[in-house]
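J.: Here it is, the structure, as C-alpha cells.
The values are calculated or read from the model by the stated rules, or taken from the named source; none is laboratory data. Just so it is clear, the model here is predicted, and its values are computed rather than measured. Methodologically, a virtual Cβ is constructed for each residue, glycine included, from the backbone with ideal geometry; neighbour enumeration extends over all protein chains shown.
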Amino acid sequence: MILIDSIYIHNSGGRALLEILINYTQTQQKDSYYFLIDSRLDKFLVNKIPADNYKILDASEKNRRKFYIQNKIKFTFFVCFSNVPPPITLKRPVIIYFHNDLILNAKNSNFGLLQRFKFYLKKRYIFFRMNEAYFWVVQSRIMKENLNKYLRINLSKIYIFPFFEKFSPIPEIRLVPNTFLYVASLSKNKNHKKLIQAFIEASLKTNKTFTLKLTLTPTEFEKISIETNYKKSNFELINLGVLKKESLIYYYQEANFLIYPSLKESFGLPLIEATNFSLKIIASDLPYVHEIIKPSLTFDPYSVESISKSILKAMETDNLPETKVLVENKLDNFMDFIISQDVQK
C-alpha cells in the first residue's frame with residue numbers, strides 16, 4: 001500500500017492539488033492508496049476517500065512521527081505531499097512533492113523578518129530530514145533549479161511533474177464586461193494591497209465601470225478593504241469568498257481577465273485554470289509566470305503605477321493577444337512514476 005502524507009495541506013493551491021490527486025486515486029485501485037489527512041482539511045474532500053483508507057491527525061511533527069513509527073511496516077511506498085520529508089528515516093522508496101518556493105527563498109515577497117525566519121527554520125528542518133535516496137518532484141524547471149540551489153539536492157533526484165485539472169464549462173454563462181478576477185488567499189506574497197491600490201488609481205483615470213473580484217475569507221476581505229481605504233466608485237471591489245470548484249468555474253467564465261500580481265509562486269494554478277476558459281491573463285512580469293504561460297499583458301508587480309496602467313490598457317484594447325499555456329499536464333506521468341518506484345521496491 002502507498003501512503004500519501006498530506007499533513008499541512010488544507011487550503012489554497014495545496015488543497016487544489018490534493019483534490020486532483022484524491023479524485024485520480026479513487027478512479028484507480030483506490031485500496032492501494034492510504035491518506036494521512038490534516039484535521040483542518042474540509043470534510044468534502046475527506047468523504048471522497050473510503051473510510052478505511054485515511055487517518056486524520058492534528059498537524060504537527062510529533063503526531064506525524066508517532067504515526068510513522070506505528071505504521072511504517074504497513075506501507076511499501078511513501079509520498080510526502082506537503083514539502084516535508086518523513087519525520088523518521090525510511091529505507092523504503094520516498095517521494096517528496098515540493099510546492100512552496102517561499103520555504104526556499106522568501107526574499108522580495110512582502111513578508112516581515114519574523115515570517116522569513118519561520119520559513120528559514122522550516123528549510124533547516126527539511127534539510128535535516130533529507131536523505132540522498134529520496135526522490136523529489138516539483139511543478140516547474142525553476143523549482144527544480146531552486147531545490148538544487150537552496151537545498152543542494154542532486155538534480156538527478158528531482159523530477160518535474162506539473163499537474164492540473166481541465167474544467168468543463170457551464171453552459172450559458174454570460175460574460176460581464178470589464179470584470180477582473182484574482183483567485184488567491186491573503187498571503188503577503190499575493191500582493192493584494194498593491195493590486196487594490198492600482199485599481200483605485202485606475203478608477204481616477206477612466207470613466208468606465210469595472211470590477212475586481214477576490215476569493216478571500218470575510219475577515220481577510222474586511223482587513224484588506226480597511227488597509228487600502230477602498231470606497232466604491234466606478235471601480236467595484238467584490239469578495240466571492242473561498243470558492244468550491246463549481247463556483248470557481250462559474251466566475252472564471254463570467255470574467256474577462258484574470259489579474260495575477262503575486263510576487264512568488266511555485267506554479268500558479270489559477271494561471272492554467274483561467275486559460276482553460278480563454279480569459280486574458282494580466283500577470284506579474286516574473287519568471288514563474290513565463291515558465292507556465294504566455295500572458296496577454298504583464299506589469300511590474302512592485303509598482304502600483306505599472307499595475308494600474310495594465311488595468312487601463314486591458315479595458316481599452318480590443319485585440320489583446322490570447323494567453324497560451326506552455327506546460328503539459330503530467331498527472332499520469334506522476335502516478336506512473338509512483339507506481340514504478342513501488343514495483344521496484
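J.: If you take just the strands (runs of 3 or more DSSP E) that sit entirely in the range 146-220, which of them hold at least 1 residues that are under 25 Å from the mean Cα position of the chain (by Cα) and closer than 30 Å to Val94 by Cα?
T.: 158-160
J.: Consider Asn234 carefully, then state whether it is touching a Phe, Trp or Tyr at 6+ places or on another chain (Cβ under 8 Å) and surrounded by fewer than 16 Cβ atoms within 10 Å (Cβ to Cβ).
T.: Values: touching a Phe, Trp or Tyr at 6+ places or on another chain (Cβ under 8 Å): yes; surrounded by fewer than 16 Cβ atoms within 10 Å (Cβ to Cβ): yes.
Here the answer is yes, as Asn234 does meet what is asked.
J.: Any idea how many residues of the range 202-233 are without any contact (Cβ under 8 Å) to a residue 40 or more places away in the chain and closer than 16 Å to Asn256 by Cβ?
T.: Adding up the residues that qualify gives 3.
J.: I would also like to ask the following. Here is a check on your reading of the model: is Ile95 within 22 Å of Leu269 (Cα to Cα), out of contact with any Leu (no Cβ under 6 Å at 6 or more places or on another chain) and assigned to a strand (DSSP E or B)?
T.: The answer is yes for Ile95.
J.: Mind listing just one residue for me: the one in the range 256-273 that is buried (at least 24 other Cβ atoms within 10 Å of the Cβ) and more than 13 Å from the chain's Cα centre (by Cα) and, of those, farthest from Leu195 (Cα to Cα)?
T.: Checked the range 256-273; the qualifying residue farthest from Leu195 (Cα to Cα) is Phe257.
J.: What's the number of the only condition in (1) within 20 Å of Asn110 (Cα to Cα); (2) without any contact (Cβ under 8 Å) to a residue 40 or more places away in the chain; (3) out of contact with any strand residue (DSSP E or B) (no Cβ under 6 Å at 6 or more places or on another chain) that Asp285 fails to meet?
T.: (3)
J.: State which residue is surrounded by the fewest Cβ atoms within 10 Å (Cβ to Cβ) when the search covers only the range 275-319 and only residues that are among the basic types (Lys, Arg) and under 25 Å from the mean Cα position of the chain (by Cα). Lay out the reasoning, then the answer.
T.: Going through the range 275-319, the residues among the basic types (Lys, Arg) turn out to be 280, 294, 309, 313.
Retained after the next criterion (residues that are under 25 Å from the mean Cα position of the chain (by Cα)): 280, 294.
Numbers: Lys280: 21, Lys294: 14.
It comes out as Lys294.
J.: I'd like to check which strands (runs of 3 or more DSSP E) are fully inside the range 1-80 and have at least 3 residues that are more than 24 Å from Ser340 (Cα to Cα).
T.: Details: elements: 2-5, 33-38, 54-57, 77-80.
It comes to 54-57.
J.: Just one of the numbered conditions (1) farther than 22 Å from Ala16 by Cβ; (2) within 22 Å of the chain's Cα centre (by Cα); (3) not assigned by TED's automatic domain parsing to the domain that holds Ile196 is not true of Ile339; which one?
T.: All conditions are met except number (2).
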